[in-house]
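Read the structure below first, then the notes.
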Amino acid sequence: MLAYRSRYFNLIAPFLWHYIARRNGHELAARCYHDARPIYRDMLAKAPNVGAKNPMAHNIYMALVFFAMYRASGGELTKEDLRAAVGDFMDMPLMRLMFKANDLNTPRTRARFERNSRHNEQWRLDHLDQIDASWDFNFDGGPRGDGVWYYFTYCPINQFCRENGLLDVLPIMCDIDYKTCALAHGVLHREHTLALDGKVCDYWMVGDKAKSPR
């Protein structure tokens, strides 16, 4: 299980309330917001223990807020409603501000992304009690060029969704990768995801001004 961290819910849920209210009405949005917190706590209790201090932990903490709001609707939110709410969240000005300093067209940003990826994998290797629960970064066999390449063979969000009946909405979380890459002035080229029964989730991120992705 993962320790409860209120800041993720407190940050994300109000924005989702707003976007759900705008598209689906205030009554449903209020019910989702009110009922989601205990669901979120329960989901964290069932989640793979990646370690609260894991530099990748924010991914599962954030994803479970979206899933909790979805579950709190009692089936009234459709998969496409959730996709729209997540899209609205990723398109808000705050997200653009957070990624303002990133530009995958520059060697500096690409080097920082590469360092962060390798740091995340080293953290996993240094914490043997969480090594089998966390994302495994692999850097072999990638395309050549000015980009950032890695892949996972295990994803705890994928594991959680398969064990808790949320596999149908998991691809919505995978699509966030495209949006975050675009916010960093990049393009994500991907051939496989674990969510769609691939053996890996692959990432090849290049600047959006690159002439050729490979």
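The values are calculated or read from the model by the stated rules, or taken from the named source; none is laboratory data. The model shown is predicted, which means the values in this text are computed figures rather than measured ones. For neighbour counting, all protein chains shown are included, and Cβ atoms are generated from backbone atoms with ideal geometry for every residue, glycine included. Only protein heavy atoms, including side chains, enter the accessible area calculation; ligands, DNA and RNA are left aside. Shrake-Rupley method; radii C 1.70, N 1.55, O 1.52, S 1.80 Å.
If the Cβ limit is 8 Å and pairs must be 6+ apart or interchain, which residue in the stretch 31-45 that is in contact (Cβ under 8 Å) with a residue 24 or more places away in the chain and within 12 Å of Ala13 (Cα to Cα) pairs with which residue that is assigned to a helix (DSSP H, G or I) and open to solvent by 70 Å² or more (accessible area, probe 1.4 Å)?
If the second residue must be assigned to a helix (DSSP H, G or I) and open to solvent by 70 Å² or more (accessible area, probe 1.4 Å), the pairs left are Cys32/Trp17; Tyr33/Trp17; Ala36/Arg71.
Return the residues of the stretch 134-189 that are in a strand (DSSP E or B), of a type in the set (Val, Ile, Thr) and open to solvent by 40 Å² or more (accessible area, probe 1.4 Å); say none if nothing qualifies.
Correct list: Val187 only.
Of everything in the stretch 35-67, what is of a type in the set (A, V, I, L, M), more than 30 Å from Arg115 (Cβ to Cβ) and open to solvent by 30 Å² or more (accessible area, probe 1.4 Å)? Give them in sequence order.
Scanning the stretch 35-67 gives Ile39, Ala45.
Check whether at least one residue in the stretch 106-118 is surrounded by 12 or more Cβ atoms within 10 Å (Cβ to Cβ) and more than 19 Å from Ala182 (Cα to Cα), and report yes or no.
yes
Considering only the stretch 1-34, state which residues are farther than 14 Å from Met69 by Cβ, aliphatic (A, V, I, L, M) and surrounded by fewer than 16 Cβ atoms within 10 Å (Cβ to Cβ).
Listed by number, the residues that qualify are Met1, Ala3.
Restricting to the stretch 124-133, and then to whatever is of a type outside the set (D, E, K, R) and either open to solvent by 40 Å² or more (accessible area, probe 1.4 Å) or in contact with a Phe, Trp or Tyr (Cβ under 6 Å, 6 or more places away or on another chain) (or both), can you tell me which residue is modelled with the lowest pLDDT?
Checking each candidate, the answer is Leu128.
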